[in-house]
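Chemist: One structure is given below, represented as C-alpha cells, and several questions about it will come after.
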Amino acid sequence: MRKFLVTGALGQIGQELVPALRESYGGANVVASDIRSLPADAADAEHFEVLDCTKPQQIEEVMRTHDVGCVYHLAALLSATAEDKPQTAWRLNMDSLYLMLEVARELDCALFFPSSIGAFGPTTPRDQTPQDTIQRPNTMYGVTKVAGELLCDYYAQRFGVDARGLRFPGLISYVAPPGGGTTDYSVEIFYQAIQTGRYTCPLRPGTRLDMMYMPDAIRAMIEVMEADPADLSHRNAFNVTAMSVTPEELADEILKHIPDFVIDYDIDPVRQAIADSWPRAMNDSAARSEWRWAPRYDLSSMTVDMLEKLRAKLEPAK
Ligand SMILES: NC(=O)c1ccc[n+]([C@@H]2O[C@H](COP(=O)([O-])OP(=O)(O)OC[C@H]3O[C@@H](n4cnc5c(N)ncnc54)[C@H](O)[C@@H]3O)[C@@H](O)[C@H]2O)c1
C-alpha cells in the first residue's frame, strides 16, 4: 500500500492524527514530518522526516522515497500568529500548499487540506453559516484559507487531484498545546482551571464560536478521506462543527466540576477582532449528508473527558 505523509506533524493536530493513522493503517505506513526535529527521547523516530514544506526538492524527495499516496498537509501559521507575521503566513500557508498540490499532481497522490472558520469574514452570515456563502475574510489567515480552498478545488477539477478538506472550528485538546489561534483560550482555560483555579480570558463574554473536541476532528479527517468520491458533491472545505460556545458557557461547565473556579477577562484586541469576524455557528449539513459526519462529543461530555485526561497528564499518580 502507498503511504501516508503528515506535514506539520508536531503541532496540535498532528500529534493526535499520526497515532490515529498508525492505528488504522499500520505504523510503517505513516510518515510524520515537521520543520522541527523530533525530541531526542521520542519513541517513533524511524518513521519521521525533517521536512520544510516551502522547499520543493525536500517535498519531492520525501514523497518519492516513501511512495506517498496521501498527504495530510497541516503545516501552516495559525490565525493570531498570522496577523502578527502576515508576510510569513502568506509564504508558508500558500507556497507550501501550492508545492504540495504540484507534487500530488505529478505523483497521483491524494491531499487533505484543513481550512477553518477563519475562511469566512464579517459579511458572512454568522448564524447557521451555510456551506456555500460569502467569503470575504479580513485576516491574512482567512485569505490564505479561502485561497487554499479554491486552489484545492482547482487542482481537483483541472488535474483530477483527489484533494479534500474540512473547515475546522476551534479545536480543544489535551495532548499538544495550541499553536497561536484565536480559539486557544478554549484549551488554556482547562490547564489554568486545574493548575490555578482561575483563568483570564482574552475574548469578551458573549463571544460565541464553533468548537470541536480533537477526537471528533481526527475521526472527521480520516472519514472524509475514506468517503466514496461518488457520494461527494463538495469534496473540499466541508463545514464541520460539534458545539457553539461562549467563554462564560465553557467556564460554567468547568464550574460543575471545579466549584471554586473563577474566570475574568482581559481582552486582546487582535484576537477579539478576529473572533468578531467569524461565524457563531456553522451549518454542517453538507458533511452530514454527503459522508455521514456526526460529532460524538458535546460541551458537557468534552468537558468531562478533557478534565479527566488533563488531570492525569498534569497530576501523575505519585
Ligand atoms: N488547531 C485548530 O484549532 C485549527 C482550526 C482550524 C484549522 N486548523 C488548521 O490545521 C492545521 C494544523 O493546525 P495545528 O493546530 O496543528 O497547528 P500548529 O501550529 O499546532 O502546528 C503547525 C506545525 O507546522 C510546523 N511547521 C511550521 N512551518 C513549517 C514548514 N515550513 N514546514 C513544515 N512544517 C512547518 C510547526 O513546527 C508545527 O509543528 C493548520 O493548517 C491550521 O490552519 C487548525
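Chemist: Taking the Cα centre as origin and putting +1 on Lys and Arg beta-carbons and -1 on Asp and Glu beta-carbons, what dipole magnitude results for the range 174-246, to the nearest 20 debye? If you can, show how the numbers build up before the last one.
Modeler: Working: 5 positive and 8 negative charges, 89 e Å.
Using only the charged Cβ atoms, the result is roughly 420 debye.
Chemist: Using a Förster radius of 35 Å, what is the FRET efficiency between Asp298 and Glu61 based on their Cβ-Cβ separation? Nearest 0.05, please.
Modeler: 0.20
Chemist: Using modelled backbone amide H atoms (1.01 Å from N, in-plane), which distant-in-sequence or interchain residues come within less than 5 Å of Tyr72's amide H?
Modeler: Result for Tyr72 returns Leu5, Val6, Thr7, Phe112.
Chemist: If you average the alpha carbon positions of the range 1-65 and of the range 194-208, how far apart do those two centres end up, in angstrom?
Modeler: 34 Å
Chemist: What is the magnitude of the charge dipole of the range 177-318 about its Cα centre, with +1 placed on the Cβ of each Lys and Arg, -1 on the Cβ of each Asp and Glu, and no other charges, expressed in debye to the nearest 20?
Modeler: 180 debye
Chemist: Taking the Cα centre of the chain as the origin, how large is its charge dipole in debye, to the nearest 20, when only Lys and Arg (+1) and Asp and Glu (-1) carry charge on their Cβ atoms?
Modeler: Dipole of the chain, to the nearest 20 debye: 240 debye.
Chemist: Just check the range 239-306 against the gyration tensor rule for me: Cα atoms, a ≥ b ≥ c as the square roots of the eigenvalues, rounded for a/c under 1.5, and otherwise prolate or oblate depending on whether a/b exceeds b/c.
Modeler: It comes out oblate by the Cα gyration axes.
Chemist: Using θ = phi - 60° and the Karplus form 6.51 cos²θ - 1.76 cosθ + 1.60, what ³J(HN,Hα) does each residue of the range 281-295 get, whole Hz, x for Gly and Pro?
Modeler: Whole-Hz 3J(HN,Hα) from phi for the range 281-295: 7, 7, 8, 10, 5, 5, 5, 5, 8, 7, 9, 6, 4, 8, x.
Chemist: Give me, ordered by chain and number, the residues 5 or more places off Asn239 or on other chains with an amide H under 5 Å from its own placed amide H.
Modeler: It is Arg167, Ala287, by chain and number.
Chemist: Report the one residue of Pro247, Gln195, Ile258 whose Cα lies farthest in the direction of the positive end of the charge dipole of the range 191-318 (charges on C-beta: Lys and Arg +1, Asp and Glu -1; origin at the Cα centre).
Modeler: Gln195
Chemist: Output the Cα-based Rg and Dmax of the chain in Å, rounding Rg to one decimal and Dmax to a whole number.
Modeler: When restricted to Cα atoms, the chain yields Rg and Dmax of 19.0, 59 Å.
Chemist: If you take every residue apart from Val30 with its C-beta less than 14 Å away from the C-beta of Val30, what net charge results, scoring Lys and Arg +1 and Asp and Glu -1?
Modeler: Around Val30, the surrounding residues sum to -4.
Chemist: Would you mind checking which residues have amide H under 5 Å from Tyr213's amide H? H placed 1.01 Å from N; only 5 or more apart, or other chain.
Modeler: Ile172
None of the figures in this text is laboratory data; all of them are computed from the coordinates on show. Computed from a predicted structure; not experimentally measured. FYI the Cβ positions are ideal-geometry reconstructions off the backbone, even for glycines, and counts take in every protein chain you see.
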